[in-house]
Amino acid sequence: MIYEYALKTERQNFYNITGKVMESVTKSGIAEGAVLVFCPHTTAGITINENADPDVVRDMLLGLDKAYPDRAEFRHMEGNSSAHLKASAVGSSQYVIVQSGRPVLGTWQGIYFCEFDGPRNRKFYVKVL
């Protein structure tokens, strides 16, 4: 089963989508299997990381900005080459095991939609296998 979700982003940020992924697994009725979360955008991605301390997201964004800064020599006419680089580094999908009808995540883990070029109207897909 494939579920599509819309997401309106305001700016570069990580948006916690763990609840939507859990909702998809519940709707599917699957008890054992896997779930794939996919982002179809070239300046956004999907990651799994800590969801307890909001400073982790802040620090990750800061680190990505330092690793992939805007540069005057970039030639892409939209001016968002650093967003493309960040999206490629993070990746466009995550695959999670499903056990007892729930995604298997660590105590502090959450699934995030990573916006590197907002504001945008985005979507992401959840495929329950």
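The values are calculated or read from the model by the stated rules, or taken from the named source; none is laboratory data. All values derive from a computational prediction rather than experimental measurement. Cβ sites come from the backbone with ideal geometry, for glycine too, and all protein chains shown count toward neighbours.
Residues in the stretch 18-46 that are of a type in the set (V, I, T), out of contact with any Asp or Glu (no Cβ under 6 Å at 6 or more places or on another chain) and closer than 17 Å to A87 by Cα: how many? Write out each step before concluding.
Of the residues in the stretch 18-46, the ones of a type in the set (V, I, T) are 18, 21, 25-26, 30, 35, 37, 42-43, 46.
With out of contact with any Asp or Glu (no Cβ under 6 Å at 6 or more places or on another chain) added as a condition, the list becomes 18, 21, 25-26, 30, 35, 37, 42, 46.
This time we only want the ones that are closer than 17 Å to A87 by Cα, so: 37, 42, 46.
Looking only at that region, the number is 3.
Output the residues belonging to the stretch 72-127 that are under 16 Å from L36 (Cβ atoms) and among the polar types (S, T, N, Q).
Within the stretch 72-127, S92, S93, Q94, Q99 qualify.
Return only the number of the condition from (1) surrounded by fewer than 16 Cβ atoms within 10 Å (Cβ to Cβ); (2) within 24 Å of K127 (Cα to Cα); (3) acidic (D, E); (4) touching a residue at least 40 places away in the same chain (Cβ under 8 Å) that E10 does not satisfy.
All conditions pass for E10, except number (2).
What number goes with the only condition from (1) modelled with pLDDT under 95; (2) within 13 Å of the chain's Cα centre (by Cα) that A44 does not pass?
(1)
Of all the strands (runs of 3 or more DSSP E) wholly in the stretch 17-129, which have at least 1 residues that are among the small types (G, A, S) and in contact (Cβ under 8 Å) with a residue 12 or more places away in the chain?
On the way: elements: 33-38, 44-50, 93-99, 109-115, 120-128.
Correct list: 33-38, 44-50, 93-99, 109-115.
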